[in-house]
Amino acid sequence: MGVSVLPDGRVMLFRVTHITDYRYAEPVAEAYLELRLTPPNREMQNVREHRLMIEPASRTSGYCDYFGNEVSFLSLPYRHKRLVIRSEALIKTLPAALPEKSLDLTIQESRQILTGSLSVVFDYLQPTDMVKIGRESVQWAKRYLNGRTTLREGLEALNKAIYESFQYKKGTTNFSTEVKSIWRDRIGVCQDFAHVMLSVLRTAGLPARYVCGYIETSPVKGPNGESKRLIGSVATHAWVEVLVPGQHWVALDPTNNRWCGDQHICVSFGRDASEAAPIRGTFKGTGHQTMKVQVRVTRLNE
């Protein structure tokens, strides 16, 4: 499994459009939402522009949450029948660079080193309501992440095993589906595969977090004319980051069986999908709600 690296250190520039459209059968009286839609600046990701557009027009207030996400709080204290949230960004990504020396350490060595940073890693070692530890995660941790295995070998083997053992099928699960159901049915979407991977990593004593973001929608053709769209590219995507010695976060995408690279754009982080959700909140009303989401990540020429 290779790492996507462009020649001569070239960067990619993406235009990201993320539209969430809520419609209500009957007007709702109030709505209160937390928006985690602001991509962060990181070593391999530079946000040149970002703006939120809300209809009906509304002001937001901002704060930084426990996991470092920039949150926009939206309050609509009046009646409305439709709410559209549009997030647009211009983002530059750089080729992936993995910490080779850290990945060459064995998993046992890594656990010992990371013990010294317990205050930093503690939260990312704990089970949550959405990422519970069970018999299957214990078995997989023993199989793929035993102490003598190097980090690189173990992470790549686990990533590949999830990709090959679980079937991706849109609509088979929902936001609240428990990880035990995914282990049983072996079918789901990117959120579910990330939760499975987190359960195994934490069982093995490796701190890991859930990442919500985007991947390139329509990759340009390669030198041989091939152009393969990544799975999950027409909606928000999810993958996993693992903390390795040296305080480096390395990212893997089990849905696509690859290290995350310049086609991945991070937006929010948490211990599971509920904490990194792009939009969450409540509304006051008696009618039925429908939601449509559109995501487009287009590569531009600088």
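Of note:
- Where chymotrypsin sites (Phe, Trp or Tyr not before Pro) fall in DSSP loop in the stretch 56-111, at most 15 other Cβ within 10 Å: 66, 78
- Gaussian network model of the chain, Cα within-10 Å springs - most flexible of 292, 142, 92: 292
- Choice from 118, 243, 52 showing the highest fluctuation, given a GNM over the chain with Cα pairs closer than 10 Å: 118
- Whole-Å distance, taken between Cα centres, linking the stretch 16-95 and the stretch 178-202: 27 Å
- Sparsely packed loop sites in the stretch 151-236 (the chymotrypsin sites (Phe, Trp or Tyr not before Pro) outside DSSP H, G, I, E and B with at most 12 other Cβ atoms within 10 Å) comprise 175.
- Ordering 248, 264, 277 by Cα displacement along the dipole of the stretch 238-300 toward the positive end leaves 277 in first place; charges were set at the Cβ atoms of Lys, Arg (+1) and Asp, Glu (-1).
- Centroid-to-centroid separation of the stretch 237-302 and the stretch 138-160 [C-alpha atoms, Å]: 24 Å
- Mean Kyte hydropathy of -1.0 or more with a Cα span along the axis of at least 18 Å, helices from DSSP in the chain: 151-165, 190-203
- Shape call, the stretch 85-130: gyration tensor on alpha carbons, a/c limit 1.5: oblate
- Cα gyration tensor shape for the stretch 1-134, rounded if a/c is under 1.5, else prolate or oblate: oblate
- Least to most buried among 203, 106 (fewest other Cβ within 10 Å first): 106, 203
- In terms of its C-alpha gyration tensor, the stretch 182-302 has an oblate overall shape, because the principal axis ratio a/c (a ≥ b ≥ c, square roots of the eigenvalues) is not below 1.5 and a/b does not outweigh b/c.
- Taking other Cβ atoms within 10 Å as a rough exposure proxy, 30, 43 sort from fewest to most as 43, 30.
- Normalised by residue number, the volume inside the convex hull of the Cα atoms of the chain is 139 Å³ per residue.
The numbers here are math on the coordinates, done by the rules we state, and not lab data. Just so you know, these numbers come straight off a predicted model, no measurement behind them. Neighbour counts are summed over all protein chains in view; Cβ atoms, including those assigned to glycine, are modelled from backbone coordinates with ideal geometry.
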